[in-house]
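A quick write-up on the structure given underneath.
Please treat every number below as a calculation from the coordinates, not as lab data. This structure is a prediction, so every number in the text was calculated from the model and none was measured. Note that each Cβ is placed from the backbone with ideal geometry, even for glycine, and that neighbours are counted across all protein chains shown.
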Amino acid sequence: METIRNITRHKLRSFLTISGITIGVLALTTLGAFAENFNALLDGGVAYFGSSIQVGAPDGQSAPIIPISKIDEIKKVEGVAAAFPGYSFTAKPGQLSFSFGVGDTIQASDPAEADYGAIRLTYAQGHAIDAGSQGQVVLGTTIAKEFNKRVGDSIDLPVKPPDAKPDFVNHSFKVVGILNRTRTAPDNFAYINIADGQMLLQDSLPDAIKSSIDVSQITQGIAVYAKPGTSLAELDKIADRINGQVPGVKAIRPSTLVDAFKQFGTFFTGITTAAAFIALVVGGLSVINTMFMAVAERVREIGLKKAVGATTSDILSEFLIEATLIGLLGGLLGYGLGVAIVVIRNVFFPAADGSTLFLITPTLTAIAIGFATVLGAAAGVLPAWRAARLDPVIALRNE
Amino acid sequence: MANVRLVDLTKHYKRGSEVIRALDGVTLDIEKGEFIAVVGRSGSGKTTMLDLLGLLLKPTSGSLFIDDIDTAKLGDSERARMRAHRVGFVFQEYNLLSGLNVLENVMLPLRYVKNGKDGRARANELIDRVGLSDRIKHRPAELSGGQMQRVAIARSMVNAPSLILLDEPTGAVDTETAQQLVDLLKRLNREDQVTILLVTHDVDIAGEARRQIRLKDGKVLTDERVGEGIPVA
């Protein structure tokens, strides 16, 4: 109770000090939520690319297509459990928009691939596409929200751009399922089956070669899986064996992709949190200043407390508690404001593709409030030590 | 058995190359329940003696026993604990905490004492005894000088100490209030058998004590029963 009174004794000074911490924690919360959201996206990439081997056209080949027959050759390589063709198209061709993450994408894949992938997709509505039926689509949560689609609705894919040429071709798909949020790439995916993927590939080819290519015999890429639980190092070895045994393709070592994702994640988190920590440290310095002033003003009070029986550790803990409370108050206020900004931004001002930019996690909450509290306590150590070591005789007669 | 015993108690300070003999070999026995005035000119060693008795200072040499405990053997924490349990302080400038009300100020020493659960009742009783029951929620700024000093006296007694040390307790109040404060101290001394040692410049106030110790240059010049003129052995 007395601690709160001491803090409120100098309202303006306490307000300014707490504001310093608040601004720091606000920066930490918002930038941290931004980094957490981005890291969730990267984690999806790490999970996906860390559990499969991506096989594409060999180096030097300009067109990203390979014969589908390569799948059978790859399946013969030691350690390969399954291999699936894959086709990928931008869902909104000709429309440029800035996005932190994967843009809206049409992904054609075999539903059986879901049994091997590390990212487990679950359905908020409906069910998976039927491998044998064309014209069906499963939408990720973000893309479904962006186009306001529910199970049973139709959606034309790719989306026709406003300035589309007269020969622009798209097709109507029936929405049979909507995925639960994954916070990674599938949120922006529209899943169709292989036959529909080959149809879109056919549409995308230049007229000059369109009639001469049998799209059922080519794929843009092959996702290769080992048996579940295979280590990253073992997947690398399988990739090396594919490169050695299957000509005309290039298997990328999964560790290369995973390392790239992790490196970028670390760099991004480092940049955002460092900026926030600097703001917090400045707030911490203002706590030190305030606590030194509090000690200077309360010299006689400290002397009196020692005279009536307070030990050095009693005085030390009284000032430490005060500094810690300042840190905690600033932390709670900054975190509260940060969450409010994040929620308002996510709910009322989502990104153009409907995705959210911020993610508040329990870890971020603990770091934001915990760091502010520890910072307050740390900032109080020196002033509290000075207070605790005051000579009571001198303190009592201080003018 | 003496409540407080000073044996050749000495406190020297160094100021540059000069040694200040603030208290110089004082030996005294103070019995439980005595009311003592310590007088002397500025620089005679009164305040140093008070600080030593209150365990705020450590002596350069000599011994100080309080309730037969040799305080020279105590560490800082034990000295603080002893201050909390056995010594009460009253200062000229009251030293009340402005943010706390009367009751909270009186209860302040209870914070530093274990088993202080009956403290609130004791604080209320003391506030009643010093005549401030109707001011219990008032802050120091709302009290007169005399009332503030009554609060300080109640605070000094809340842990039921065996010794109360007062440093010019009437120095900041008018004569009438000073007399009322002394009457209060005499009553508490009589009722509680608490030892009171009061440092003062005021001859009239000193005359109210039953024993008067006069210091000069850090030594005991006289030590006698007031009105009897008989030196204390």
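When a/c reaches 1.5 or more, the comparison of a/b and b/c decides; with that in mind, is region A:138-280 rounded, prolate or oblate per its Cα gyration tensor? Oblate shape, in that a/c is at least 1.5 and b/c is the bigger or equal ratio.
Amide H to amide H distances under 5 Å link residue B:57 with B:52, where only residues 5 or more positions off or on other chains count and H is placed in the peptide plane.
Residues within the reach of a label modelled at residue A:61 (point 7 angstrom out along Cα to beta-carbon, backbone nitrogen below 19 Å), restricted to region A:231-259, are A:239-254. Listed by chain and number, the aspartates and glutamates placed with their C-alpha closer than 18 angstrom to that of residue A:11 are A:2, A:297, A:322; residues fewer than eight positions away on the same chain are left out. Couplings 3J(HN,Hα) of region B:59-71, computed from phi: x, 6, 7, x, 10, 9, 10, 10, 6, 6, 9, 6, 6 Hz, in residue order, whole Hz [Karplus 6.51 cos²θ - 1.76 cosθ + 1.60, θ = phi - 60°; x for Gly and Pro]. The modelled label-to-label distance between residue A:214 and residue B:201, using points 7 Å beyond Cα along the C-beta direction, is 11.8 nm. For the options B:58, B:14, B:73, a Gaussian network treatment of chain B with springs between C-alpha atoms closer than 10 Å singles out B:14 as fluctuating the most. Each label was represented as a point 7 Å from its Cα along the Cα-to-Cβ direction; for residue A:227 and residue B:69 these points are 7.6 nm apart.
Using 25 Å as the Cα-Cα cut-off, could you pick out the over-long pairs in A:92/A:262; B:32/B:73; A:174/A:250; B:32/B:137; A:306/B:58? Check vs 25 Å cut-off fails for A:92/A:262; A:174/A:250; B:32/B:137. Here B:46, A:306, A:11, A:145 are placed in order of increasing Cβ neighbour count within 10 Å, fewest first, which gives A:11, A:145, B:46, A:306.
So if R0 is 30 Å, what FRET efficiency would residue A:398 and residue B:216 give, r being the distance between their Cβ atoms, rounded to the nearest 0.05? Efficiency, from the Cβ-Cβ distance: 0.60.
A simple rule links phi to the HN-Hα coupling: the Karplus curve 6.51 cos²θ - 1.76 cosθ + 1.60 with θ = phi - 60°, which for region A:176-190 gives 10, x, 10, 7, 6, 5, 10, 6, 9, 3, x, 4, 9, 9, 10 Hz, with x for Gly and Pro.
Remark: the residue A:160-residue A:361 segment gains 68.6 nm on full extension, using 0.36 nm per residue and subtracting the alpha carbon distance.
Prolate is the label for chain A, because a/c, from the alpha-carbon gyration tensor with a ≥ b ≥ c as root eigenvalues, is 1.5 or above and a/b exceeds b/c. In terms of its C-alpha gyration tensor, region A:58-248 has an oblate overall shape, because the principal axis ratio a/c (a ≥ b ≥ c, square roots of the eigenvalues) is not below 1.5 and a/b does not outweigh b/c.
Long-range amide H contacts for residue B:216: which residues qualify at under 5 Å (H placed 1.01 Å from N, peptide plane, sequence gap of 5 or more or a different chain)? Placed amide hydrogens put B:221 under 5 Å from residue B:216. Comparing mean-square fluctuations of A:372, A:124, A:144 from a GNM of chain A with C-alpha springs under 10 Å, the top value falls on A:124.
Note on chain A: antiparallel DSSP beta bridges, both residues inside, total approximately 75 percent of the bridges counted. Label reach from residue A:381 (point 7 Å along Cα→C-beta): in region A:292-320, amide nitrogens under 19 Å belong to A:292-293, A:295, A:312-320. Multiplying the residue separation of residue A:75 and residue A:150 by 0.36 nm and removing their Cα-Cα distance gives an extension gain of 23.2 nm. For residue B:32, the residues 5 or more places off, or on other chains, whose built amide H falls under 5 Å of its own are B:3.
How do A:250, A:76, A:70 line up, fewest other C-beta atoms within 10 Å first?
By the 10 Å Cβ count, ascending: A:76, A:250, A:70.
Here residue A:240 and residue A:274 are evaluated by their C-beta separation; at R0 = 35 Å the FRET efficiency comes out at 0.40.
Per-residue extension of 0.36 nm, minus the Cα-Cα distance of residue B:17 and residue B:61, leaves a gain of 13.9 nm for this segment. Taking trypsin sites (Lys or Arg not before Pro) across region B:105-203, the ones in a DSSP loop with at most 14 further Cβ atoms lying within 10 angstrom of their Cβ are B:114, B:117, B:137.
Report summary: the helix-based calculation at 222 nm, which adds -39500 (n - 2.57) for every DSSP H run with n ≥ 4 and divides by the residues of chain A, gives -17500 deg cm²/dmol. The phi-based Karplus calculation (6.51 cos²θ - 1.76 cosθ + 1.60; θ = phi - 60°) puts the 3J(HN,Hα) values of region A:364-376 at 5, 4, 5, 5, 4, 6, x, 5, 4, 5, 5, 4, x Hz, whole numbers, x for Gly and Pro.
For a straight C-alpha distance cut-off of 15 angstrom, the aspartates and glutamates reachable from residue A:149 (same-chain residues fewer than eight places away being disregarded) are A:104, A:187, A:353.
Taking label positions 7 Å along the Cα-Cβ direction at both residue A:312 and residue B:78, the computed distance is 1.6 nm, reported to one decimal.
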